[in-house]
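What follows draws every value from the coordinates through simple rules; no lab data is involved. The shown structure was predicted, so the numbers you read here are calculated from the model rather than taken from an experiment. With ideal geometry, Cβ positions are generated from the backbone for all residues, glycine too; neighbour counts draw on all protein chains shown.
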Amino acid sequence: MADLAMTRTREAIEVKLSAESRRYDIVIQPGLLGQQGRLGDEIRSLAPADAKILMLTDANLAGLYQEQVEKSLHAAGFEVYTCVIPAGEASKSLAQAQEVFEQSLAAHMSRKDIMLALGGGVVGDLAGFCASTYHRGMPLIQVPTTLVAQVDSAIGGKTAVNFGQVKNIVGTFHQPLRVMIDPDTLDTLPERERIAGLAEVVKYGLIETSCTGETGFFEWQQMHADNLRAVYPEMIRRCCAIKASVVMQDEFETKGLRYFLNLGHTFGHAYESLSHYGLLHGEAVAIGTLQAAVLAARLGLFPAEAALRTEALLKKLGLLDVLRQAGDFPPQSLLERMRQDKKNHGDAIRLVLPEGELGRVVVRDDIPDAQILAVLAGG
Ligand SMILES: NC(=O)c1ccc[n+]([C@@H]2O[C@H](COP(=O)([O-])OP(=O)(O)OC[C@H]3O[C@@H](n4cnc5c(N)ncnc54)[C@H](O)[C@@H]3O)[C@@H](O)[C@H]2O)c1
Ligand SMILES: [Zn+2]
């Protein structure tokens, strides 16, 4: 009942970084972008009266939300410029950043003005990169509209563009001024994208205790798996709280904790890359998360029963067909890709593996190839 009671209320999670001045809120509020939405008013409380807003969004989002967001910002008194980029990963490029800089110059954006990212991780990462470099840094507001962006990419300050075929290789750390999440925007998100994003949610269930010391998110997901949609605001809040906790403890990924967020990702990146990005990131992470659990169980690190529960949850959330595709890729090629993962140290494959109980993980770089291969081969 408590879950349902909060579904339409405003929730805020504080992200407090090392210096007192560097804190921000992640606000979760269903209906924030709707016709009577309060987005403009929320931003008004953060920005000087004469601040201009450059909104970055993609072509799909523009058709759905541009008008109402502009209306809400205008009603709050802001001068608004909108830059619409093509949808898709190819827009995370220096060429696209250049266009944003050109529009920023044309609009006479200054350091006190605001860049607003309305979209998924592509828009958010590009807007973040531009906001952190234009004028040596201007305020950024993230309004994430995909599940991946609402539970992951909009929080934590990592920004990037792709360069020379390498993903996220040119980027910065630039924390937003605020993250404003309207879970209702997921109603228009294509089903495939929404389900893929749930793999990251399952990931949070498996790393929660190591990140926050708390337990129960995995079980909570199991409990609500039949109708997770009804509790999206609470689900998003719990994911954001875990990510915020990790970022507060390890803002610049120097202390190891932030690495836990990579559970399932070393396996996942190999599938993503071998599928030539035919698999969505979240889909590849679903395969990778299960394989990390299976490998940990093989090694005696994690109860076999817990690995089975992980598989059952992923399937219940709609990822069964995706998990079946794991068998389409040659294990040896996958292993080679895993060895090239940019987060490895040297040749050793670095893996986050569940350990002990649901919610706990460990980082290992000493797992024999034969064990990894057996899992890649479906063992
Ligand atoms: N910065 C980080 O910490 C971080 C973390 C994870 C992922 N990422 C990055 O995020 C990117 C992936 O983000 P993504 O999965 O959000 O993909 P995306 O931004 O490409 O969005 C997926 C698709 O959904 C559409 N869309 C978005 N919101 C919609 C809505 N509400 N209704 C209808 N359509 C909508 C988009 O136009 C796009 O076609 C990758 O580039 C990845 O590297 C960054
Ligand atoms: Zn991910």
How do Phe101, Phe252 line up, fewest other C-beta atoms within 10 Å first? Phe252, Phe101
Degrees between helix 121-133 axis and first principal axis of the chain (Cα, 0 to 90, nearest 10): 60
Working out 0.36 nm times the residue gap between Lys71 and Glu355, then minus their Cα-Cα distance, what length gain in nm do you get to one decimal? 97.3 nm
Quick check on packing: order 339-350, 201-212 by the mean number of other C-beta atoms within 10 Å, highest mean leading. 201-212, 339-350
Sorting check: for 153-161, 324-332, which peptide has the highest mean count of neighbouring beta carbons within 10 Å, and how do the rest follow? 153-161, 324-332
With the label point 7 Å along the Cα-to-beta-carbon line of Ala90 and a cut-off under 19 Å to each amide N, the hits in the range 123-152 are 123-127
Straight distance only, please: which lysines reach the Cα of Lys158 with their own Cα at less than 27 Å, same-chain residues fewer than 8 apart left out? Lys16, Lys52, Lys92, Lys112, Lys167, Lys203, Lys243, Lys255, Lys342, Lys343
So for the range 1-112: antiparallel DSSP bridges make up what percent, rounded to the nearest 5? 45
Most mobile of Ile43, Ile26, Ile169 in a GNM of the chain (Cα contacts under 10 Å): Ile169
Hydrodynamic calc, the range 227-379: Kirkwood Rh from Cα pairs, then Stokes-Einstein at 4 °C with viscosity 1.567 mPa s, so D in µm² s⁻¹ is 81
Cα axis of helix 94-106 to longest principal axis of the chain: angle in degrees, 0 to 90, nearest 10? 20
May I ask for the angle, rounded to the nearest 10°, between helix 265-274 and the longest principal axis of the chain, with both axes built from Cα atoms and the value confined to 0 to 90°? 80
hull vol. (C-alpha, convex hull) per residue for the range 1-117, Å³ -> 153
State log₁₀ I(q)/I(0) for the range 98-234 at q = 0.11, 0.22 Å⁻¹ as given by the Debye formula over alpha-carbon point scatterers of equal weight, solvent excluded. -0.47, -1.30
Rh_Kirkwood(the chain) over Cα pairs, Å, one decimal, evaluates to 21.1
Rank-order 70-83, 109-122, 238-251 by packing density, defined as the average count of other C-beta atoms within 10 Å over each peptide's residues, highest first. 109-122, 238-251, 70-83
Under 13 Å, Cβ to Cβ, from Phe329 - net charge with Lys/Arg +1 and Asp/Glu -1: -2
